[in-house]
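Right, one structure below, let's go through it.
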Amino acid sequence: MMRRKLKKSFSFAIQGIYYTLKSQQNMRIHFLVGTIAVIAGFIFKISAPEWLALVIVISFVLILEILNTAIETLVDLYTEEYHHLAKVAKDTAAGAVLIAAIMSICVGLIIFVPKLIALF
């Protein structure tokens, strides 16, 4: 019984990830850029601390994009009319994703720029 609930729980979580990938263009972009960064990590043989930083920032961006989608969906469920607080909720959630994406770019530059410079 408990095993079935756990399996269902994972299934629901995977459906949520799939929904976000399918419905949100930004999630697909973040996922693609994260995949490229991981491939670059293998190509450049980055260190364990660099892997740790890379995995953390990629995960953080993807998690926040999923939360942003959940917040936007809940706001849309609550009201179809314009409401200032609905806008604030959506904008602040999107802002969190933007900050995480900018920070992930900074981490990527710190990791990969010296390796690219070393090639030339």
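Against the chain, whose longest principal axis comes from its Cα atoms, helix 48-78 is set at around 20 degrees. Positive end of the dipole of segment 21-85, charges at C-beta (+1 Lys, Arg; -1 Asp, Glu), about the Cα centre: which of Ser59, Ala40, Asn26 has its Cα farthest in that direction? Highest projection toward the positive end goes to Ala40. Taking only the alpha carbons of the chain, we obtain Rg and Dmax values of 17.7, 60 Å in that order.
Residue order for Met27, Met103, Met2, fewest other beta carbons within 10 angstrom first, comes to Met2, Met103, Met27. Among His30, His83, the ranking by other beta carbons within 10 Å of each residue's beta carbon, starting with the fewest, stands as His83, His30.
Can you return the aspartates and glutamates within cross-link range of Lys115? Criterion is Cα-Cα under 15 Å, with same-chain partners fewer than 8 residues away left out. Correct list for Lys115: Glu50.
From least to most packed, judged by other beta carbons within 10 angstrom and beginning with the fewest, Tyr19, Tyr82 follow the order Tyr82, Tyr19.
Among the trypsin sites (Lys or Arg not before Pro) in segment 1-62, those placed in a DSSP loop whose Cβ has at most 14 other Cβ atoms within 10 Å are Lys45.
Distance from the Cα centroid of segment 3-20 to that of segment 62-114 is 22 Å (rounded to whole angstrom). Counting only DSSP H runs of at least 4 residues, each contributing -39500 (n - 2.57), and dividing by the residue count of the chain, the helix-based mean residue ellipticity at 222 nm comes to -32500 deg cm²/dmol.
Each value in this text was obtained by applying a stated rule to the coordinates, not by laboratory testing. Treat the numbers as computed from the prediction; the structure is a model and nothing was measured. All Cβ positions, glycine included, derive from the backbone under ideal geometry; neighbour counts span all protein chains shown.
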